[in-house]
Amino acid sequence: MSTEDQKKMLLDPGFELTLRPMRYPSFYDRYRDAIKNTWTVEEVDLHSDVADLAKLSEGERHMIGRLVAFFATGDSIVANNVVLSLYKHINSPEARLYLSRQLFEEAVHVQFYLTLLDTYLPDPEDRNAAFAAVENIPSIAQKAQFCFKYMNAVDHIDSLQTKEDRRAFLLNLICFAACVEGLFFYGAFAYVYWFRSRGLLHGLATGTNWVFRDESMHMDFA
Ligand SMILES: [Fe+2]
Ligand SMILES: [Fe+2]
């Protein structure tokens with residue numbers, strides 16, 4: 001058997017390190033494409049949002065607070081899952097390059113929502129309450145529990161040795177890509193675009209456009 005034949009496949013246990021010859025060039029291409037999408041939180045101008053918030057009803061402001069708090073926590077959970085549940089089982093240096101890039105993007109998303117909350121909620125008590133939403137608000141707590149269920153299901157797996165291990169890994173991957181980065185986030189983006197359609201909260205909409213572009217690639221990669 002040649003050295004090439006002995007190379008491990010994507011979900012075989014181990015950490016292949018060799019990039020040439022490249023086994024999964026499409027993952028490397030996705031990494032390079034993702035780099036082209038680089039943005040920073042400082043590029044988002046939130047000035048007009050503060051003025052817009054004053055025009056919203058109490059109920060609309062409440063909704064915005066919940067949305068942003070959900071995103072801030074949701075992106076942290078997704079980042080944890082990339083590191084704790086996915087990275088160690090992906091036996092391809094090209095794919096791990098992409099996951100490293102995704103991790104950076106999730107950090108930028110967390111920073112964006114942190115900056116939004118700090119801007120939208122100047123009162124420290126309001127801020128703390130928004131960030132505690134994952135514990136105190138039942139609808140957000142249930143979303144977090146849904147994520148933890150699938151993280152816990154792979155927590156004990158050091159390497160994917162059995163069919164059951166692979167099944168649990170794939171369930172986690174699909175759950176996060178389709179349900180969390182997909183349904184949960186996209187459902188929330190829809191509210192942001194509803195405000196934008198009324199000419200409101202352009203800063204939030206600008207950042208959301210860039211987060212949306214990143215999340216679409218995360219789902220595509222998964
Ligand atoms: Fe994200
Ligand atoms: Fe993501």
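The values are calculated or read from the model by the stated rules, or taken from the named source; none is laboratory data. These numbers were taken from a predicted model, which means no experiment stands behind them. Counting neighbours? That spans all protein chains shown, and the Cβs are built from the backbone with ideal geometry, glycine included. Accessible surface areas use protein heavy atoms only, side chains included; no ligands, DNA or RNA. Shrake-Rupley method; radii C 1.70, N 1.55, O 1.52, S 1.80 Å.
I need to check one value: relative contact order of the stretch 33-132, counting alpha carbon pairs closer than 8 Å and at least 6 residues apart, in percent.
Relative CO of the stretch 33-132 lands at 43 percent.
Residue 111 versus residue 84, label points 7 Å from Cα toward the beta carbon: distance in nm?
That separation, rounded to one decimal, is 2.3 nm.
At residue 42 and residue 123, where each label point lies 7 Å from the Cα along Cα→Cβ, what is the point-to-point distance in nanometres?
3.2
Please work out the ratio of the alpha-carbon Rg of the chain to 2.2 N^0.38 Å and round it to two decimals.
Output field value: 1.13.
Just from its helices, what would the mean residue ellipticity at 222 nm be for the chain, if runs of 4 or more DSSP H residues each count -39500 (n - 2.57) and the sum is divided by every residue, rounded to the nearest 500 deg cm²/dmol?
That comes out to -22000 deg cm²/dmol.
Charges at C-beta only: +1 for Lys and Arg, -1 for Asp and Glu. How large is the resulting dipole of the chain about its Cα centre, in Debye rounded to 20?
600
Compute the distance in nm between two label points, each set 7 Å from the Cα along the Cα-to-Cβ direction, one at residue 219 and one at residue 190.
With each label placed 7 Å out from Cα toward Cβ, I get 1.2 nm.
Considering only protein heavy atoms and a 1.4 Å probe, what is the carbon-and-sulfur percentage of the accessible area of the chain?
58
Grab the other residues whose beta carbon is less than 12 angstrom from that of residue 107, score K and R as +1, D and E as -1, and report the net.
Computed value for this residue: -3.
Calculate, for the stretch 1-157, the solvent-accessible area per residue in square angstrom, rolling a 1.4 angstrom probe over the heavy atoms of the protein chains.
Value returned for the stretch 1-157: 53 Å² of accessible area per residue.
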